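The values are calculated or read from the model by the stated rules, or taken from the named source; none is laboratory data. None of these values were measured; they are calculated from a predicted model. For neighbour counting, all protein chains shown are included, and Cβ atoms are generated from backbone atoms with ideal geometry for every residue, glycine included. Accessible surface is based on the protein model in full, side chains and every heavy atom, while ligands, DNA and RNA are left aside. Shrake-Rupley method; radii C 1.70, N 1.55, O 1.52, S 1.80 Å.
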Amino acid sequence: GAGVSQSPSNKVTEKGKDVELRCDPISGHTALYWYRQRLGQGLEFLIYFQGNSAPDKSGLPSDRFSAERTGESVSTLTIQRTQQEDSAVYLCASSGRGQGAYEQYFGPGTRLTVT
Amino acid sequence: SQQGEEDPQALSIQEGENATMNCSYKTSINNLQWYRQNSGRGLVHLILIRSNEREKHSGRLRVTLDTSKKSSSLLITASRAADTASYFCATDRLGNAGNMLTFGGGTRLMVKP
């Protein structure tokens, strides 16, 4: 596709429910990243996928958060038993192949509101 | 904790003035990037400067990097109302096997018409 897409763009859910957020990276990009951004704050790294390597999950805030990626394509971020503090914009980004300095291309984000 | 920290957190200027934002970081880096974000949604890459570069230009943007001070600055010249956005620096740590970036907290720039 032309860019990184994310769905849904907005999600309102009740506390305690599970949510699944989707990211479609740019075709051919091997690296995929998930970030969380609370209102008025910077980006908080969550998880990083690079090709077929084991993902770097060091940024996941709790075991309620998990993410999967099929090969070099779509990724889903799942938040179980959502809490109000999970309310944020969840941003996905992808970048090109190999080591070195590559810019990240961001999707428009999913705004999650937990009521 | 955030690798990069922007300064100031917020900046308000008149159209036509220059805007300068600073970023400091803690560990050695491969490169430093600046991103722009409108309305709390996706970020857009602006410019990348490598650790062996000291200055880079792109249109009205000028970025400097001082690795001895672990700091960078982003200068936007002749600002326009459309430059109103949040600006983030991001660092790619030296020796990192992948392309992971660490973002700072951002500078919110408002350009008044």
* Asked: Do you know which residues across region A:27-52 are touching a residue at least 60 places away in the same chain (Cβ under 8 Å) and open to solvent by less than 30 Å² (accessible area, probe 1.4 Å)?
  -> A:HIS29, A:THR30, A:ALA31, A:LEU32, A:TYR33, A:GLN37
* Asked: Regarding B:ARG108, is this residue assigned to a strand (DSSP E or B), facing chain A (nearest Cβ under 10 Å) and basic (Lys, Arg)?
  -> yes
* Asked: Are any of the residues in region B:64-85 surrounded by fewer than 22 Cβ atoms within 10 Å (Cβ to Cβ), within 14 Å of chain A (Cβ to nearest Cβ) and polar (S, T, N, Q)?
  -> no
* Asked: In region B:3-17, which residue that is open to solvent by less than 60 Å² (accessible area, probe 1.4 Å) and not in a strand (DSSP E or B) is modelled with the highest pLDDT?
  -> B:GLY16
* Asked: Being in contact with a strand residue (DSSP E or B) (Cβ under 9 Å, 6 or more places away or on another chain), without any contact (Cβ under 8 Å) to a residue 40 or more places away in the chain, basic (Lys, Arg) and surrounded by fewer than 18 Cβ atoms within 10 Å (Cβ to Cβ), is that true of even one residue in region B:24-33?
  -> no
* **Complete set of residues in region B:83-105 that are modelled with pLDDT under 95 and not in a strand (DSSP E or B)** => B:LEU94, B:GLY95, B:ASN96, B:ALA97, B:GLY98, B:ASN99, B:MET100, B:LEU101, B:GLY104, B:GLY105
* Answer yes or no: is there a residue in region A:53-63 that is under 20 Å from A:GLU103 (Cβ atoms) and surrounded by 12 or more Cβ atoms within 10 Å (Cβ to Cβ). => yes
* Give region B:18-59 a look and list any residue that's modelled with pLDDT under 95 and at positive phi, or say none. => B:SER39, B:GLY40
* Give the residue that is nearest to the other protein chains (Cβ to nearest Cβ), with candidates limited to residues of region A:75-97 that are open to solvent by 30 Å² or more (accessible area, probe 1.4 Å) and without any contact (Cβ under 8 Å) to a residue 60 or more places away in the chain. => A:SER87
* Is there a residue in region A:7-24 that is more than 26 Å from A:THR115 (Cβ to Cβ) and either modelled with pLDDT of 95 or more or surrounded by 21 or more Cβ atoms within 10 Å (Cβ to Cβ) (or both)? -> yes
* If you take the residues in region B:40-56 that are in a loop (DSSP other than H, G, I, E, B) and farther than 11 Å from A:GLY109 by Cα, which one is nearest to the other protein chains (Cβ to nearest Cβ)? -> B:SER51
